[in-house]
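To start, the structure under review is shown below, and the notes come after it.
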Amino acid sequence: MRYIASVLAAAATLAASNAYAADMPVKAAQRTIAPAFSWTGFYAGVNLGYGWARASATSTVTGGTLGGSTVTGSSNMNGINGGGQIGFNYQTGAIVWGIEADIQGSGQRQTTTVGALTEEDRLRAFATVRGRVGVTAWDRGLLYVTGGYAWMDARSTVTSGGVTLIDLSSNKGGWTVGGGGEWMFAPNWSAKLEYLYMRADNVTGTAALPAPFGGTITSNARIENNVIRAGLNYHFGGPR
């Protein structure tokens, strides 16, 4: 009989324990909130575009048989350019502040032939360092304006029969302004479309004139360049 009493006591204890567990409050399921999207952080990328530039120059000859001569002219240098950029964004509310630097190789050129003489004008490279400020027009879209420092490298050559008669190289800093739009189409990846206007004044270069003329020619130019380009950026770290 003592065995039966022990079994009944154990059953009673188990029933009481189950009743207590049934009365315990059920813990609510935890909700996971995804981090807010942000443009803040460093990025790097590549771009490809098209440019159309105009160089307006005045050239003066010193010494030799043409000493004192002055020639004024202009050239249009059009073509494809491409390169890379790095930058940093900082977002406060709907406003995104940033800085960006880029360097480009350029195929912009114009070739002119007069008789036996061929002149080629080229914009070989350019670079910019710019501030940016934009607004998040929609969740992952950014519209911005930009402006800052620009540097351009130009070269003009005159050849005849494969022989270089004049080789003028010059580079100069100036300024740039523009704007564009950028869209974060995938985690950490964005695409952009951008326009820039660049200008450099007093771009000078000097070269020796061949015999029988002798002397030197000095060119002073203003270069204006318009560029429209598409780019791809990778954004490092942070919620995207």
Practice task
Evaluate region 159-174: report whether one residue or more is at pLDDT 95 or above and crowded, with 20+ Cβ neighbours inside 10 Å.
Solution key: yes
Practice task
Could you tell me which numbered condition G64 fails, if it satisfies all but one of (1) at negative phi; (2) in contact with a Phe, Trp or Tyr (Cβ under 8 Å, 6 or more places away or on another chain); (3) assigned to a loop (DSSP other than H, G, I, E, B)?
Solution key: (1)
Practice task
Within region 179-212, track down each residue that is crowded, with 18+ Cβ neighbours inside 10 Å and touching a residue at least 40 places away in the same chain (Cβ under 8 Å).
Solution key: E182, M184, S190, K192, E194, L196, M198, A200, V203, G205, A207, L209
Handout entry: Only one of T60, T128 that is hydroxyl-bearing (S, T, Y) and closer than 22 Å to M198 by Cβ
Key = T128
Exercise for the section: Out of T157, T146, T136, T176, report the one residue that is under 20 Å from N78 (Cα atoms), within 20 Å of the chain's Cα centre (by Cα) and polar (S, T, N, Q). Expected result: T176
Handout entry: Subset of region 178-213 [hydrophobic (A, V, I, L, M, F, W, C) and within 17 Å of T60 (Cβ to Cβ)]
Key = V203, A207, A208, L209, F213
Problem - Qualifying positions in region 106-154 - in a strand (DSSP E or B) and of a type in the set (D, E, K, R) - result: R109, E119, E120, D121, R122, R124, R130, R132, D153
Problem - Search result, residues across region 205-240 that are modelled with pLDDT of 90 or more and within 20 Å of E100 (Cα to Cα) - result: N225, N226, V227, I228, R229, A230, G231, L232, N233, Y234, H235, F236
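The values are calculated or read from the model by the stated rules, or taken from the named source; none is laboratory data. All values reported here derive from a predicted model rather than from experimental measurement. Positions of Cβ are backbone-derived with ideal geometry, glycine not excepted, and every protein chain shown enters the neighbour counts.
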